[in-house]
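Everything below concerns the one structure shown next.
Derivation of every value follows stated rules applied to the coordinates shown; laboratory data play no part. Owing to the predicted nature of the structure, the values given are computational and were not obtained by experimental measurement. Cβ: placed from backbone, ideal geometry, glycine included. Neighbour counts: every protein chain shown.
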Amino acid sequence: MLRTAARRRRATAALALVVVLAVPPATAAAGGGATTLGPASTISLSRASAALPDAATSPTAAASVASGLATATTTRRLYVDKDTQAEAARKAAAKAGRKSVAKKLKVISSTAQARWFGTWNATSTVRKDVRTYVRKATKAKAVPQLVLYAIPGRDCGGHSSGGFTASTYKRWVREVAAGLRGSKAIVVLEPDALGLDCGGAQRAKLLTYAVGKLSAAGALVYIDAGHSSWRTPADMAKRLKAAGVAKARGFATNVSNFRSTKDERAYAEKVSRALGKRGVKAKSRHYVIDTSRNGRATAGAEWCNPPGQGLGAKPRWVGGKRLDAFLWVKRPGESDGSCNGGPSAGTWWTEYALGLVDRRAR
């Protein structure tokens, strides 16, 4: 099954994920030492949105997009996290005099990407972890992007299996929400959780709980909704409604996967319409698409380190009727797992990263 297990890797990709305050040994390969987070950078506009004026030169346009996203921010910038394996690799290459490699890796490290939070962020520290990350983004007048990946039975026994117990998960979510309170952050909630079949009713209840707490804290919550080659739109809409999407901003697609933006947008539109038929109001039927590695979108590509892939469209607000943004949820260059010549999940893989850059969408 095309389960986008790739997402799990991201988990291991704790490097980017963990606000880095504490990366347990199990995820050490994915994580690096904590470094100062970098400033925000203005998101590049693709030709598809060339008609939209840049927020840096048009505050009114920026405010309009922000207003449409139900966020108080007055900028269309997404936060660029410098505490990533990509940045560490870039610095190492530059120090070693490998200027060409460093230049290519900067294409990745200078781009806004989501930070993952999971079981490597203990319940006792996750509030501080989240608050530290969010405050740095806020200081830079940029929007932080987070992924939560700690639900019980995570990955259903796959490469990134794990997760908290139900009671611990609820406490953990409350702590995350406390760390977010007062900010306007993007939160992609639990990759693979709805696409997979394990967990059942308990999983739906836990997701509903998380959506409620995070939304109440002011976050723009997008529940992971798989991708265009996994569940049917009608099936996913049913799962999303059961998971409390009515209290979220909407859903996310293609997380850690390689499906084309065209296919994902068509899928997401169908899911949104199917949610409408189930009584979900328009305000909760928005979506974001992970474009981090779909620049080539090879038809039928497997989820685990498929060859020939490239970076996709750079993250940016879209501000469409339902499509809110393109994001880099998965951190490019971090392995999907021990497959196709790659290292363990979440481990940095320079060769693959350079290939993604060479074949990137332009």
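Annotations for the structure displayed:
- Here the spin labels are modelled as points 7 Å beyond Cα on the Cα-Cβ line, and at residue 359 and residue 235 they lie 2.8 nm apart.
- Between residue 262 and residue 141, the FRET efficiency estimated from the beta carbon spacing at R0 = 35 angstrom works out to 0.60.
- At an R0 of 22 angstrom, the distance between the Cβ atoms of residue 128 and residue 168 translates into a FRET efficiency of 0.80.
- Efficiency of FRET between residue 103 and residue 273 - r from beta-carbon atoms, R0 45 angstrom, step 0.05: 0.55
- Total formal charge among the other residues, if their Cβ is under 15 angstrom from that of residue 202, Lys/Arg +1 and Asp/Glu -1: +3
- The string of couplings for segment 227-232 from the Karplus curve (6.51, -1.76, 1.60, θ = phi - 60°) is 8, 5, 10, 10, 8, 6 Hz, one whole number per residue in order, with x for Gly and Pro.
- Under the simplified labelling scheme, the residue 201-residue 321 pair shows an inter-label distance of 3.7 nm, with each label point 7 Å from Cα along Cα→Cβ.
- Packing-based ranking of 269-280, 223-234, 184-195 yields 184-195, 223-234, 269-280, ordered from highest to lowest mean Cβ neighbour count within 10 Å.
- Inter-part distance where segment 298-343 and segment 79-156 are each reduced to a Cα centre, Å: 16 Å
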